[in-house]
Amino acid sequence: MQKTVRDWVSACQDCGSRKARPQAVIPPLRSVRTGEVGDRWAIDVAGPLPVTMNGNRYVIATVEYTTRYAVAASVPEHTAKSIARFLMDRVVLVYGPMREIMMDGARGFTSKVTAELLELMQVKQATPVPYRPNLLGLVERFHRTWKDIVSLYVDEGQDDWDDFLPCALYAYNSSQHATHRYQPNELMMGRKLKTPAELLRRNRLAHPHGTLNAYHEVLLQDLMKARELAARALQKEQARQAMYYNQRKVRRRGAFAPNQLIWVYRLARGKKITKFGHRWRGQGQIMEPAGYDNYKIKMLDSGQELVTHCSFLLPYYYPQHLLE
């Protein structure tokens, strides 16, 4: 009798779609491969922020994975047009086209304008699954850095932060990065950025040694050596981070089998949606593994196919024998 009651309660559809909680699954740390300089960038938009006197409210930022070099700009609106213009004017036409770009599923990134631009440049787009923004950790961390810097200088009205954004960007690219121990600008441009204090030490212009060809040869040698050392330091740092990360208590869930029925964690959205809305949707069905603890699933009610992390999946239980 007790087992029958437990099975019946476990099969309650209203309880299953509301009371269940996502179970944190901590997989082993997988570091993103860097590749050649300029091959891979991550882009994200911060905001809405306080509206400035110039009318800006958002910050579009992108970070190059090998050098950790950052590019950012303040914009009035978070639209596909502003993102496409930023990518073309601030990144592609300055540093060249990339092979892959990482971005989330925001409307401006998934629009037709952005898709056509990336297709025109033959750029591969990588998008993290919903509610798992770990793939964009590099650019998310940069957002935190420039906000910390700018917050020290804005006025009480916080309507001039866009005036200090270029200064924060300069400070970031001219500082020694904790991962590879080089200035991002040194690895990207081949030279260190000088601070005003360094310029004050000289009372005249520095003269280059030798001819332009000699300078070019020395520059290439130094740049290749710096990038090689930075790549080694990056691999060493990633191994160290993985060692400490993987020491955490890992909660794992058994693998889901193909055709298995599941609950899917999907927050309801809309004007009339309140905190009383149900968080879980069912029935879903496992189609196949998608790699990195993700699964390709299909919603049986709508036929929608999507990729979801296993943290947001739960077995769907319905005791057919109790209805017979």
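The values are calculated or read from the model by the stated rules, or taken from the named source; none is laboratory data. Values in this document were obtained by computation on a predicted structure and should not be read as measured data. Virtual Cβ from ideal backbone geometry, glycine too; neighbours counted across all protein chains shown.
Residues considered: Asp162, Asp148, Asp155. Of these, the only one that is of a type in the set (D, E, K, R) and closer than 21 Å to Ile83 by Cβ is Asp162. Starting from residues that are in contact with a helix residue (DSSP H, G or I) (Cβ under 7 Å, 6 or more places away or on another chain) and in a loop (DSSP other than H, G, I, E, B), keep the ones in region 51-65 and report whichever is nearest to Pro184 (Cα to Cα). Of everything passing the filter in region 51-65, Tyr65 is nearest to Pro184 (Cα to Cα).
Checked against the criterion of being within 20 Å of Ser74 (Cα to Cα), within 17 Å of the chain's Cα centre (by Cα) and part of a helix (DSSP H, G or I), region 146-163 has at least one qualifying residue.
Selection within region 108-154: residues that are surrounded by 13 or more Cβ atoms within 10 Å (Cβ to Cβ) and of a type in the set (Phe, Trp, Tyr). The member of this set that is farthest from Ala61 (Cα to Cα) is Tyr131. Can you tell me which residue is farthest from the chain's Cα centre (by Cα) among those in region 246-286 that are modelled with pLDDT of 70 or more and surrounded by fewer than 15 Cβ atoms within 10 Å (Cβ to Cβ)? Here the answer is Asn259. Hey, could you check region 173-188 for residues that are within 19 Å of Arg40 (Cα to Cα) and in contact with a Phe, Trp or Tyr (Cβ under 8 Å, 6 or more places away or on another chain) and say which is modelled with the lowest pLDDT? Filtering region 173-188 for residues that are within 19 Å of Arg40 (Cα to Cα) and in contact with a Phe, Trp or Tyr (Cβ under 8 Å, 6 or more places away or on another chain), the one modelled with the lowest pLDDT comes out as Leu187. In summary, Ala84 fulfils each of the numbered conditions (1) part of a helix (DSSP H, G or I); (2) out of contact with any Leu (no Cβ under 7 Å at 6 or more places or on another chain) with the single exception of condition (2). Listed by first and then second residue, the pairs linking a residue in region 46-64 that is free of Cβ contacts under 8 Å to residues at least 12 places away in the same chain and more than 12 Å from Val139 (Cα to Cα) to a residue that is in a strand (DSSP E or B) and aromatic (Phe, Trp, Tyr), with Cβ atoms under 6 Å apart and 6 or more places separating them unless they lie on different chains, form an empty list. Quick check on Gly157: is it out of contact with any Pro (no Cβ under 6 Å at 6 or more places or on another chain), modelled with pLDDT under 85 and exposed (fewer than 13 other Cβ atoms within 10 Å of the Cβ)? Taking the combined requirement at face value, the residue satisfies it. Among the residues of region 85-102, just one is β-branched (Val, Ile, Thr) and surrounded by fewer than 15 Cβ atoms within 10 Å (Cβ to Cβ), namely Val94. In region 22-63, of all residues being out of contact with any strand residue (DSSP E or B) (no Cβ under 9 Å at 6 or more places or on another chain) and among the charged types (D, E, K, R), the one that is modelled with the lowest pLDDT corresponds to Arg30.
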